[in-house]
1. Please find the FRET efficiency linking E21 to E124, where r is the Cβ-Cβ separation and R0 is fixed at 25 Å, and quote it to the nearest 0.05.
2. Go through segment 141-146 residue by residue and turn each phi into a ³J(HN,Hα) via Karplus (6.51, -1.76, 1.60, θ = phi - 60°); whole Hz please, and just put x for glycine and proline.
3. Along the charge dipole of segment 11-188, Cβ charges K/R +1 and D/E -1, which of S102, T126, A144 sits furthest on the positive end?
4. Report the charge-dipole magnitude of the chain in Debye, nearest 20, computed about the Cα centre from +1 at each Lys and Arg Cβ and -1 at each Asp and Glu Cβ.
5. With the dipole of segment 44-189 worked out from charges on the C-beta (+1 for Lys and Arg, -1 for Asp and Glu) around the Cα centre, which of I113, L93, S167 lies farthest toward the positive end?
6. Determine, for L89, L100, L171, L57, the number of other Cβ atoms within 10 Å of each Cβ, and report the residues in order from fewest to most.
7. For a quick size check, give me the Cα extents of segment 28-123 along its three principal axes, largest first, whole Å.
8. So what is the calculated 222 nm ellipticity per residue for the chain, using -39500 (n - 2.57) for each DSSP H run with n of 4 or more, over all residues, to the nearest 500 deg cm²/dmol?
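Quick note: the coordinates plus some simple rules give every number you see, no bench work behind them. Keep in mind that what you see is a predicted model, and the values were worked out from it rather than measured. Glycine gets a Cβ as well: all are built from the backbone with ideal geometry, and neighbour counts include every protein chain shown.
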Amino acid sequence: MVLTVVKFGDPVLRRKGARIESITPEVRQLIADMFETMHAAKGVGLAAQQVGHALQLTVLDIRGIRDRQSQLWFDRQPADTESFMPLVLINPLVRPLGELVSGPEGCLSFPHIYSEIVRTAEVEVTAQNERSETYSFRAGGLLARAIQHEVDHLNGILFIDRMDTTSREDLKFEIDELQAGTRAALTRR
């Protein structure tokens, strides 16, 4: 089922996600719904907060993205990124690695708002999948950027928090307008 994507101004986006202690049928259904929602919105990542659930859960799928490269390593060996997709990260632990690089980002919770964001070029990740299996890998490029973006969501951090001052000022009107519209909609409920 396609879920409603929460927009900036909804307090759930600022909540740190609760740890998932067991993979219940409800969690499995949420994962399936999140993938369906993400694909319908043409996104590459979606955090549970973005569909109204403050949990340590995100889904990613970068298949088909050709304009920005991704790298993946298991046990220090290169792996095919596309065959590893779609990706479920439950209770992820992420360690940033490498140099800082600037790159374009958008967010499904911020429609039509984009900015250059500085993040590390690579990350090491340990997480559980939907079968409760713990696994670790290293990622670079777009996949590393998407993981960092989504894990920020799991901790109540938004990509506008990572914008430089000039970008944030340039987008202030659009951000404020989105927040006001979301808050007005919430009060009408």
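1. 0.60
2. Listing the rounded values in order: x, 4, 4, 4, 5, 5 Hz.
3. The residue sitting farthest along the positive end of the dipole is T126.
4. Computed charge dipole of the chain: roughly 400 debye.
5. L93
6. L100, L171, L89, L57
7. In descending order, the Cα extents are 34, 31, 25 Å.
8. So the calculated ellipticity at 222 nm is -9000 deg cm²/dmol.
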